[in-house]
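These notes concern the structure reproduced below.
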Amino acid sequence: MLNKGCKKYIPFSPVSLPDRTWPDKVITKAPIWCSVDLRDGNQALIDPMNLEEKLLFFKTLVEIGFKEIEIGFPSASETEYEICRALIERNLIPDDVTIQVLVQCRPHLIQKTFEAIDGAKNVIVHFYNSTSTLQRKVVFKTDMQGVIDIAVEGAKLVRELTEKEIARTGANIRYEYSPESFSGTEIDNAVLICEKVLETLGATPENKVILNLPNTVEMSTPNHHADQIEYFCRNLKHRDCAIISLHPHNDRGTGTAATELGILAGAERVEGTLFGNGERTGNADIMNVAMNMFSQGVDPGLDFSDLRRIREIYEKCTRMTVPPRYPYAGDLVFTAFSGSHQDAISKGVKYMQDSDSPYWEVPYLPIDPADVGRKYEPIIRINSQSGKGGAAFVMQQSFGYELPKAMHPEFGAMVKHACDEAGRELKPQEIFDIFRREYLEIKYPYNLKQYKLYEENEAESDNTVVHFEGNLRFRHEDHQISGRGNGPIDAFFNALRTIGITDYQFVSYSEHAVGAGADSKALSYIQLRDKDGKTVFGAGMDGNISLASIKGIICAINRASGEQKKQ
Ligand code: KIV
Ligand code: ZN
C-alpha cells in the first residue's frame, strides 16, 4: 500500500492550553520587524551574496524601513567578517538602525563577533544553541542540563564582553538569545533555559532581552505554534524583562500563518526575510505578513510601495525568482483572466470612480495594485476563458476606447475567437488591432469618397436643417448622393435612401474623444438594426465629430453586408 510510508513519522505533540486566548484576538499594530535576509536568507543561497550585493540589499532594507537588520554571522567566515566591517567602516548604518550579528554559544566565536562589531553604534548580539529533544538525542548526545549549561556559559561571556565594550566605546549593545529549534523543545524546558539566560544577562524591564523562539523546522499547524508562544509568554517568570520574538520557517508552507497567529499569541517581534528566502522552504516572508496587515487597515511601518523595484533587487542579489502567483509580488497576482472575475473587477473599478469611496471596494483584488507600484499594468488579461466585458475593459484601460455595453458581446466574441485560433493570451495591442481591422478599417462595399455638410435656417419655421452631399462609392461605382435632415445622421440616412439603401434602422449612437489637443479625434459607435431585426455595430473615427458618426454608419452597413472582407 502506497501510503504506508507515512507511519515512520512521529506526529507533533501539541502543548495543552485549553484556555488559550489568542483565537479571539486581532492584529491591531505592527510588531518590531527584524530582517534576517543577510544571514538566514543569505546562508541558504546557492551562491551567497558578495559584498556589493549585500551592501545593496542592506540599503534596500533600510529604505523599506527596517530598524533591526541581522547582517550576518561575522565569526563564521572571512567574507562575513569583512561585510560587517565594511558596513561599519564605510558609515553605511543609519543612526536609527541596529545591526544584529549571530553567533553560536562558543567562546572563540563570541570573542571574534565582538571584534567584528567594533565601532558600531547600535548592535544586537544574537547568540543561540539548539535545545530540541531530537538534537539533544542525535546531535549533542546530552541532556537538558548540558544544553542549559552551554547557554548560560555563552550568556556569561556575552554579558562580560558587552559590558567591557559599552565601558570602552559607549555603544548601544543589546542581547538576543534563541533556543534554536524552540518548537521541537519540550515547552517547559524552553521556558526554563530562557529564564536562566535572562537571569545571567541581568535582564530588567528597562533593559529587556530579546527571546527569539525559532520555529526552526515548522512541525505543526500554526494554531499549535501559537499555543506554544502563548504558553511560553504566560509561564516565563520575568515576562516584563523580555521581548518575545518569532522566527518562523516555512517547511509546511504555513510560515505566514504561523507568524500571524504567533503575534496574536503575544509575540512582539518578528524575524523573517523578503519573499521568504531562507533555509529549505525559507523563512517567514515579512513582506507578506506586512502587506496582510496593510490590507486590513493596519500600518505595518514598512514601505512596500515600490515592490517591483524591491523584487528586482532581491532577484538580482539572491539569484532567486519570485513565482508569478506569489502574494502581492508575483506577476499574475493582480490579473484576472476569467470572465466573471473580469466583469466584477470592471464594475468595481467603475464603482470606485463614480462613488468616490474612501475604501478599496473592488471584488477579487484584495488590495489596490497601485499601493505596491502596479499602476500601469493590465489587471484584466485576455485568453479564451475571458468574458465579453474583458476585451472592452482592455480597450478602455489601455487605449481609452469606451465601447458601449451593447457592443461588448460582439467584440468579446471576436476576441475570444482570435484567442482560440492563436491558442494563447492576446496582448492589449493585438486586441486593439482586432478592433481596428474589424471596425475602423472597413471600407467595402461602401466607401465615402467626398462629402459636404452644411446647415441652413428654414425661413418659415426658423428650424435649422442639415444638408449632406457626398460621393459614395459602392463596390467600384461612385454615386452622388444628397439628403437633408434635422441632424447629420438624419441627413445622411435620407441621402442613402435616394440610392435605395433603406434596410437599416438607427438604434443608438455614442461617441467620445480619443487623444488630446490638436490630435484629438472623435470616435463614434453606431448601432443599427437590419430588416430582419438583427443588430449590427459600426465605429467611425474622424477629426470631425459628424463625419465620425457617418463613417460609423457606413461601417455598420458594410459589416451587415458581409462583403467587407472581399475587398
Ligand atoms: O531557524 C533558526 O533556528 C535560526 C536560529 C539561528 C535563530 O535561524
Ligand atoms: Zn532560521
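The values are calculated or read from the model by the stated rules, or taken from the named source; none is laboratory data. Predicted model only: the values in this text are computed from it and were never measured. Heads up, the Cβs are rebuilt from the backbone with ideal geometry, glycines too, and the neighbour counts pull from every protein chain shown.
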Filter result for the condition that a residue is touching a helix residue (DSSP H, G or I) at 6+ places or on another chain (Cβ under 7 Å), surrounded by 22 or more Cβ atoms within 10 Å (Cβ to Cβ) and more than 30 Å from Pro11 (Cα to Cα), over Ala171, Ala151, Ala86, Ala155: Ala155
Entirely in region 385-464, the helices (runs of 4 or more DSSP H) that have 3 or more residues that are charged (D, E, K, R): 408-422
Within region 542-559, does at least one residue satisfy the condition of being in contact (Cβ under 8 Å) with a residue 40 or more places away in the chain and charged (D, E, K, R)? yes
Selection within region 207-243 - away from ligand 1 (no atom under 14 Å from the Cβ), outside any helix (DSSP H, G or I) and either under 26 Å from Ala44 (Cα atoms) or touching a Ser or Thr at 6+ places or on another chain (Cβ under 9 Å) (or both): Ser220, Thr221, His238
Tell me yes or no: at least one residue of region 280-300 is in contact (Cβ under 8 Å) with a residue 12 or more places away in the chain, within 16 Å of ligand 1 (Cβ to nearest atom) and assigned to a helix (DSSP H, G or I). yes
From Arg308, Arg325, grab the single residue that is in contact (Cβ under 8 Å) with a residue 40 or more places away in the chain and either farther than 20 Å from Ala226 by Cβ or within 16 Å of ligand 2 (Cβ to nearest atom) (or both). Arg308
Residues satisfying the stated conditions in region 269-305, i.e. within 16 Å of ligand 2 (Cβ to nearest atom) and either surrounded by fewer than 23 Cβ atoms within 10 Å (Cβ to Cβ) or among the basic types (Lys, Arg) (or both): Arg269, Asn277, Glu279, Arg280, Thr281, Gly282
Picking from Ser561, Ser524, Ser510, which residue would you name as being hydroxyl-bearing (Ser, Thr, Tyr) and modelled with pLDDT under 95? Ser561
Looking at Glu218, Glu186, Glu165, Glu180, which one is in contact with a Lys or Arg (Cβ under 8 Å, 6 or more places away or on another chain) and of a type outside the set (S, T, N, Q)? Glu218
State which residue pairs qualify: first residue within 13 Å of Arg234 (Cβ to Cβ) and inside region 16-40, second residue aromatic (Phe, Trp, Tyr) in any location, beta carbons under 6 Å apart, and separation of 6 or more residues or different chains. Leu17/Tyr231
